[in-house]
Amino acid sequence: MDMAITGADSSIKVSDAVFARDFSEALVHQVVVAYQAGGRAGTKAQKSRSDVRGSNRKPFKQKGTGNARAGTRYGPLWRSGGVTFAARPRNFKQKVNRKMYRGAMRSILSELIRQQRLLVVKDFAVDAPKTSAMQAFLEQLGVGHCMLVSTSTPEHVYLAARNIPGVYTVDVSDLDPVSLVQASTVVMTVDAINQIEEWLA
């Protein structure tokens, strides 16, 4: 298939196997959920009665005090005692095969093209790290909130875009399914398209 280059009277030929796939909602949902689950810290932890430090001495004698019987100060009914069902560190990662991940990325990119949310440009026409220059470039494209994707984002492009709300830059190597799904518009350079096609072919 041919993809038009925005702002130029030309187009590039891309693989149908990467950019013209049917949208698989089930696959995309599974990969997105797995990616988000992998980002969870899972570091919640509490002390059970076996983790509480202190003496094993019986707090008071068994009879004659008027208190309920107690053999340890570590019980959950005691102040600074252990928690009954203590939380433990947990790994939330879900296994996703490489073939599934790449298939989901192809499906997402193809759907972005169908929804006209993916634009291709020769390069980011910004020569200096100025926010005004980036805003003028985006106004020419007719986009507001967007994700700028390139093979290696130049520093002046990153500096020009970082102060604009809803606009952020990403390298092809850092692309992920969640950011693609959430992006209102994705602007990619020709070099980025070629690298993605080589990666997902």
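The values are calculated or read from the model by the stated rules, or taken from the named source; none is laboratory data. Note that this is a predicted model, so its numbers are computed, not measured. Glycine also receives a Cβ, built like all others from the backbone with ideal geometry; neighbour counts cover every protein chain displayed.
Scanning segment 1-39 for residues that are part of a strand (DSSP E or B) and of a type in the set (S, T, N, Q) gives a single hit, 11.
Can we say residue 187 is touching a residue at least 60 places away in the same chain (Cβ under 8 Å) and surrounded by 17 or more Cβ atoms within 10 Å (Cβ to Cβ)?
Criteria met by residue 187.
Checked against the criterion of being touching a strand residue (DSSP E or B) at 6+ places or on another chain (Cβ under 9 Å) and in contact (Cβ under 8 Å) with a residue 12 or more places away in the chain, the candidates 122, 44, 95 yield just one match: 122.
When restricted to residues that are in a helix (DSSP H, G or I) and either aliphatic (A, V, I, L, M) or touching a residue at least 60 places away in the same chain (Cβ under 8 Å) (or both), segment 170-184 contains 5. Scanning segment 142-153 for residues that are surrounded by fewer than 16 Cβ atoms within 10 Å (Cβ to Cβ) and in contact (Cβ under 8 Å) with a residue 12 or more places away in the chain gives 144, 145, 152. Residues that are under 29 Å from residue 88 (Cβ atoms) and not charged (D, E, K, R) were ranked within segment 48-67; the one that is surrounded by the most Cβ atoms within 10 Å (Cβ to Cβ) is 52.
Residue 99 meets each of the listed conditions (1) in contact with a Phe, Trp or Tyr (Cβ under 9 Å, 6 or more places away or on another chain); (2) of a type outside the set (A, V, I, L, M, F, W, C); (3) modelled with pLDDT of 95 or more apart from (1). Taken over segment 154-169, the criterion of being buried (at least 20 other Cβ atoms within 10 Å of the Cβ) and either within 14 Å of the chain's Cα centre (by Cα) or free of Cβ contacts under 8 Å to residues at least 24 places away in the same chain (or both) is satisfied by 169 alone. Consider residue 83 carefully, then state whether it is surrounded by 12 or more Cβ atoms within 10 Å (Cβ to Cβ), assigned to a loop (DSSP other than H, G, I, E, B) and in contact (Cβ under 8 Å) with a residue 60 or more places away in the chain. In short, no.
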